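To keep things clear, I will list the structure first and then write my remarks on it.
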Amino acid sequence: DAGVIQSPRHEVTEMGQEVTLRCKPISGHDYLFWYRQTMMRGLELLIYFNNNVPIDDSGMPEDRFSAKMPNASFSNLKIQPSEPRDSAVYFCASSLERGRGYTFGSGTRLTVV
Amino acid sequence: EDQVTQSPEALRLQEGESSSLNCSYTVSGLRGLFWYRQDPGKGPEFLFTLYSAGEEKEKERLKATLTKKESFLHITAPKPEDSATYLCAVTPSSNTGKLIFGQGTTLQVKP
């Protein structure tokens, strides 16, 4: 298996633009997670899905952030409009079972200028 | 509030010099404690899961242990390739879908 695949690896955008981050989980994994990593706050859970249904989105910073999982093999995270404070590395992870170890993707480094 | 604290923030070792990393946690019922390794520019890589006090897991030069309040990651005779950031995370019983991470310990092993 190719693991969790994220795209793009790097994204540079101007403040106010819409940004879309993409994730393909490991086939057969029922859980999908979006995390954000910054130097100040470390790794923070934004939202997670089970069987394509959002279960906990309490970590989503504000209404500018949205995430969807239209099918078992794809999820996206959108930021509209983007702001410089959104600059971070965004990770997607998937898991076969709740409470077990997750497999993380390589991340998308987002820079908003 | 569920919380994970790791110490030290950074650790420099000479090759072969054994040491331990600490992870203290406060959680409303522990479902599991996880250790991950993260290399620069990459996502965290799963190392171990511990579920109950007294449990131990080993992998090559790494050994993880768990008590009711903390976990240790012991590194025996480290090599330069063990240099990385080591992350500890917990899953609370109240929300078993959630991993709460500590800030990590950045380990540098010099030859």
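Since every read-out is calculated from the coordinates, none of them should be taken as a lab result. Everything numeric here is computed off the predicted structure, so don't read it as measured data. All Cβ positions, glycine included, derive from the backbone under ideal geometry; neighbour counts span all protein chains shown.
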Legend entry - In nm, spacing of pseudo-spin labels at A:VAL12 and A:ASN76 (7 Å Cα→C-beta vector): 2.3 nm
Inset, instruction - Mind jotting down the distance between the C-alpha centroids of the stretch A:37-113 and the stretch B:81-111, whole Å? - result: 18 Å
Legend entry - Of A:LYS78/B:LYS63; A:LYS24/B:LYS110; B:LYS63/B:LYS98; A:LYS68/B:LYS69; B:LYS42/B:LYS68, pairs whose Cα-Cα distance is over 29 Å: A:LYS78/B:LYS63; A:LYS24/B:LYS110; A:LYS68/B:LYS69; B:LYS42/B:LYS68
Inset, instruction - State, in angstrom, two size descriptors of chain B derived from its alpha carbons: Rg to one decimal place and Dmax to the nearest whole number. - result: 13.4, 44
Legend entry - Phi-based couplings in Hz for the stretch B:20-28 (Karplus 6.51, -1.76, 1.60; Gly and Pro marked x): 9, 10, 10, 9, 9, 9, 10, 8, 7
Legend entry - Karplus-derived 3J(HN,Hα), 6.51/-1.76/1.60, for each residue of the stretch A:30-40, Hz, glycine and proline x: 8, 10, 9, 10, 10, 10, 10, 10, 10, 4, 6
Inset, instruction - Mind listing the long-range amide H neighbours of B:VAL109? Cut-off is under 5 Å, sequence gap 5 or more, other chains count too, H placed in the peptide plane at 1.01 Å from N. - result: B:LEU13, B:SER83
Inset, instruction - Could you run the Debye sum over the Cα atoms of chain A, one equal point scatterer each and no solvent, and tell me log10 of I(q)/I(0) at q = 0.09 Å⁻¹, two decimals? - result: -0.20
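From the Cα gyration tensor of the protein assembly as shown, with a ≥ b ≥ c the square roots of its eigenvalues, which class applies: rounded if a/c is under 1.5, or else prolate if a/b is larger than b/c, or else oblate? All intermediate terms of the calculation are to be shown ahead of the outcome.
Values: a/c = 1.89, a/b = 1.48, b/c = 1.28.
Because a/c hits 1.5 or more and a/b exceeds b/c, the protein assembly as shown counts as prolate.
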Inset, instruction - Pop the C-beta distance of A:LEU96 and B:LYS68 into the FRET formula with R0 = 22 Å and round what comes out to the nearest 0.05. - result: 0.20
Inset, instruction - Convert each backbone phi in the stretch B:69-85 into a coupling constant with the Karplus relation 6.51 cos²θ - 1.76 cosθ + 1.60 (shift: θ = phi - 60°), then list the ³J(HN,Hα) values in order as whole Hz, x for Gly and Pro. - result: 10, 7, 10, 10, 10, 8, 10, 9, 6, x, 10, x, 6, 7, 5, 4, 9
Legend entry - Dipole magnitude of chain B about its Cα centre (Cβ charges: Lys, Arg +1; Asp, Glu -1), debye to nearest 20: 100 debye
Legend entry - 5 angstrom amide H check on A:ALA88, placed H, neighbours 5+ away: A:LEU110
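Quick one: A:MET15, A:MET69, fewest Cβ neighbours within 10 Å first, how do they rank?
A:MET15, A:MET69
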